[in-house]
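To keep things clear, I will list the structure first and then write my remarks on it.
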Amino acid sequence: MADQGDTVVTITEHQHAAGVLVVLNGRLDTRTVPDVRLTLHRLVADGSDAVLLDLGQVEIGDATGLGLVVELRRRARRAGRSLHVVAADDRTRRLLRRARLHGLLAAVAVPCAEAPSEQALAGA
């Protein structure tokens with residue numbers, strides 16, 4: 001079991017034809033959200049393209065993680081940008097629907113070719 005200091009969320013930003021793709025990886029909870037929040041606020045404030053949020057590798061550990069998504073939506077709206085969740089696991093999709101945020105679940109197609117596949121990483 002990892003102690004509190006080992007909890008890390010990585011944020012990767014990619015340019016995409018439909019906007020800025022922001023990929024999160026890790027667990028969003030009370031320990032990680034404060035640090036992640038600052039970076040995501042900067043990403044939303046710096047630009048005019050849509051923000052495409054990939055939550056496919058994220059575990060929303062508590063209400064703080066879901067609150068961060070709500071907060072990002074508000075900030076994006078104030079900045080005149082749209083925010084779309086382009087990838088999420090089933091649990092995250094259910095949480096978004098229960099929080100009445102199902103409108104964030106986008107039909108924006110993000111081609112898998114932009115991210116290296118596991119086969120490419122393995123050298124196959």
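The values are calculated or read from the model by the stated rules, or taken from the named source; none is laboratory data. Treat the numbers as computed from the prediction; the structure is a model and nothing was measured. Methodologically, a virtual Cβ is constructed for each residue, glycine included, from the backbone with ideal geometry; neighbour enumeration extends over all protein chains shown.
Tell me, please, whether a residue that is modelled with pLDDT of 80 or more and in contact with an Asp or Glu (Cβ under 7 Å, 6 or more places away or on another chain) can be found in the range 83-99.
Yes: the range 83-99 contains one or more residues that are modelled with pLDDT of 80 or more and in contact with an Asp or Glu (Cβ under 7 Å, 6 or more places away or on another chain).
Condition first: of a type outside the set (Val, Ile, Thr), closer than 19 Å to Glu13 by Cα and more than 11 Å from the chain's Cα centre (by Cα). Now tell me which residues in the range 38-70 satisfy that.
Leu38, His41, Arg42, Leu43, Ala45, Asp46, Gly47, Ser48, Asp49, Ala50
Name the single residue that is surrounded by the most Cβ atoms within 10 Å (Cβ to Cβ) among those in the range 19-32 being of a type in the set (Val, Ile, Thr) and within 12 Å of the chain's Cα centre (by Cα).
Restricting to residues being of a type in the set (Val, Ile, Thr) and within 12 Å of the chain's Cα centre (by Cα), the top hit is Val22.
When you scan the range 94-104, do you find a residue that is over 28 Å from Ala17 (Cβ atoms), more than 11 Å from the chain's Cα centre (by Cα) and surrounded by 18 or more Cβ atoms within 10 Å (Cβ to Cβ), even just one?
Yes, there is a match, as at least one residue in the range 94-104 is over 28 Å from Ala17 (Cβ atoms), more than 11 Å from the chain's Cα centre (by Cα) and surrounded by 18 or more Cβ atoms within 10 Å (Cβ to Cβ).
Give the range 71-91 a look and list any residue that's surrounded by 15 or more Cβ atoms within 10 Å (Cβ to Cβ) and part of a helix (DSSP H, G or I), or say none.
Glu71, Leu72, Arg73, Arg75, Ala76
Of all residues in the range 97-106, count the ones that are within 17 Å of Arg75 (Cα to Cα) and in a helix (DSSP H, G or I).
Of the residues in the range 97-106, 2 are within 17 Å of Arg75 (Cα to Cα) and in a helix (DSSP H, G or I).
Can you tell me how many residues within the range 43-69 are in a helix (DSSP H, G or I) and surrounded by 15 or more Cβ atoms within 10 Å (Cβ to Cβ)?
8
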